[in-house]
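The structure appears below as structure tokens.
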Amino acid sequence: MLIPDFNTKARRHEGEENIKEALFYKQLEGDKVQCTLCPWNCHIAPDKVGFCGVRKNIGGKLYSLIYGHPSSVAVDPIEKKPLFHFHPGTKVFSMGTWGCNMRCGHCQNWQISRATADLANSDYVSPEQAIGMAKEYDCQGIAWTYNEPTIWFEYTLDCAKLAKQAGLYTVYVTNGYISFEALDTIAPFLDAYRVDVKGFTEELYLKLTKVRDFKPVLAAAERALKKWKMHVEVVTNIIPTLNDDDVQLSGIAKWIAEKLGQDIPWHVTRFFPHLEYKHLPPTDIEVMEHAKQIGHAAGLKYVYVGNVPGHPASHA
Ligand code: SF4
């Protein structure tokens with residue numbers, strides 16, 4: 001359920017700055033800064049933004065341009081994230097913002113993930129207001145989703161602290177490209193980590209996401225599970241000719257089974273032609289079912305087939 005009137009519920013704070021100093025960065029010579037929020041570790045010159053487009057060097061300090069500025073707010077069933085083994089049947093207050101630290105050619109939400117901070121179209125929603133709206137809409141939790149939550153880290157951290165005080169569960173729906181320092185800061189206030197693993201070779205990740213080294217994605221997911229005891233579920237959108245081969249799929253499935261555990265759910269979701277991959281066909285159902293077999297052969301107990309309505313493996 002979209003919340004069409006969220007702008008009327010949000011109140012722009014008179015005089016409040018639309019920017020917030022970033023938590024993770026280093027000051028360098030010549031008023032440059034290095035952002036350490038995600039493994040890009042962007043070096044950013046004065047008046048420039050990092051790869052995500054929403055962290056700006058202003059006068060030798062790094063600022064988030066999107067603190068409290070959602071692009072999308074909705075109430076979703078938790079299964080839509082998808083999270084199938086975490087508070088099933090509950091409603092989750094879902095928020096997204098602008099920008100992303102990956103550039104996936106198949107992004108379903110490219111209108112927001114590839115936008116810069118479009119503050120003109122987004123009123124300010126304070127963390128207190130966000131938690132209040134979650135309660136008002138009778139949600140049991142709050143999720144940062146639709147685009148990469150890491151890039152409005154400061155906001156999600158402040159919201160997560162309040163959410164835990166209010167008795168709400170908290171969810172990151174993430175591409176997993178986050179530094180350990182940032183993960184360890186928010187982890188005490190985060191209950192679930194729904195992570196995309198898009199492939200299992202550097203070539204695939206570079207082609208699909210523009211990220212060269214995907215090992216930090218795996219390392220952060222392992223850390224979320226083992227060090228911080230978060231609930232973890234993994235999603236792979238299977239794209240014909242890109243990541244539908246056994247090397248990619250077996251690599252992901254074996255990694256989940258060996259490093260996360262055989263009880264961790266793996267959602268394989270069907271691709272439909274989109275954005276830079278409009279020329280590709282939808283994923284064959286046979287390929288989806290083959291991926292499910294690969295998952296089970298690796299030892300996974302729970303492999304779900306997504307974006308195939310009515311498929312017997314489409315629900316828990
Ligand atoms: S969060 Fe943005 S600015 Fe910071 S390192 Fe990642 S891509 Fe670069």
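Conditions tested, residue by residue: (1) touching a residue at least 60 places away in the same chain (Cβ under 8 Å); (2) under 24 Å from F86 (Cα atoms).
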position	(1), (2)
H279	no, no
Q293	no, yes
H296	no, yes
G299	no, yes
Y304	yes, yes
P309	no, yes
A313	no, yes
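Of all residues in region 288-301, those satisfying the criterion of being closer than 16 Å to V235 by Cα and surrounded by fewer than 18 Cβ atoms within 10 Å (Cβ to Cβ) are E289, H290, Q293, H296, K301.
Being farther than 28 Å from F214 by Cα and either touching a strand residue (DSSP E or B) at 6+ places or on another chain (Cβ under 9 Å) or more than 16 Å from the ligand (Cβ to nearest atom) (or both) narrows it down to one of K81, K56, K91, so name that one. On inspection, the qualifying residue turns out to be K91. Tallying residues that are surrounded by fewer than 21 Cβ atoms within 10 Å (Cβ to Cβ), part of a loop (DSSP other than H, G, I, E, B) and hydrophobic (A, V, I, L, M, F, W, C) within region 54-101 yields 1.
When the residues of region 24-39 are narrowed to those that are of a type outside the set (A, V, I, L, M, F, W, C) and either modelled with pLDDT under 95 or assigned to a strand (DSSP E or B) (or both), which ends up farthest from F153 (Cα to Cα)? Ranking the candidates gives Q27 first. The condition (being within 16 Å of the ligand (Cβ to nearest atom) and surrounded by fewer than 23 Cβ atoms within 10 Å (Cβ to Cβ)) is satisfied by just one residue among F180, F153: F180. Residues in region 17-38 that are near the ligand (Cβ under 8 Å from one of its atoms) and crowded, with 20+ Cβ neighbours inside 10 Å: 5 in all. Taking region 59-69 as the range and being closer than 23 Å to T209 by Cα and either away from the ligand (no atom under 11 Å from the Cβ) or in contact with a Ser or Thr (Cβ under 7 Å, 6 or more places away or on another chain) (or both) as the test, only I66 passes.
Restricting attention to region 40-53 and to residues that are within 7 Å of the ligand (Cβ to nearest atom) and in a loop (DSSP other than H, G, I, E, B), the residue that is nearest to A115 (Cα to Cα) turns out to be C52. Only one of the numbered conditions (1) in a loop (DSSP other than H, G, I, E, B); (2) more than 14 Å from the ligand (Cβ to nearest atom); (3) surrounded by fewer than 19 Cβ atoms within 10 Å (Cβ to Cβ) is violated by T116, and that is (2).
Every condition in (1) of a type in the set (D, E); (2) surrounded by fewer than 24 Cβ atoms within 10 Å (Cβ to Cβ); (3) within 16 Å of the ligand (Cβ to nearest atom) is met by D123 except one, and the failing one is (3).
N41 - would you say it is under 28 Å from E276 (Cα atoms) and surrounded by fewer than 16 Cβ atoms within 10 Å (Cβ to Cβ)? So N41 passes the test.
For region 156-177, which positions are within 16 Å of the ligand (Cβ to nearest atom), on the phi < 0 side of the Ramachandran plot and part of a loop (DSSP other than H, G, I, E, B)? Those that are within 16 Å of the ligand (Cβ to nearest atom), on the phi < 0 side of the Ramachandran plot and part of a loop (DSSP other than H, G, I, E, B): N175, Y177. Among the residues making up region 206-219, those that are assigned to a helix (DSSP H, G or I) and surrounded by fewer than 22 Cβ atoms within 10 Å (Cβ to Cβ) are L206, K207, K215, P216, L218, A219. The condition of being small (G, A, S), surrounded by fewer than 23 Cβ atoms within 10 Å (Cβ to Cβ) and modelled with pLDDT of 95 or more does not hold for A192.
The values are calculated or read from the model by the stated rules, or taken from the named source; none is laboratory data. Since we're looking at a predicted model, the values are computed, not measured. Because the Cβ atoms are built from the backbone with ideal geometry, glycine has one as well, and the counts that use them run over all protein chains shown.
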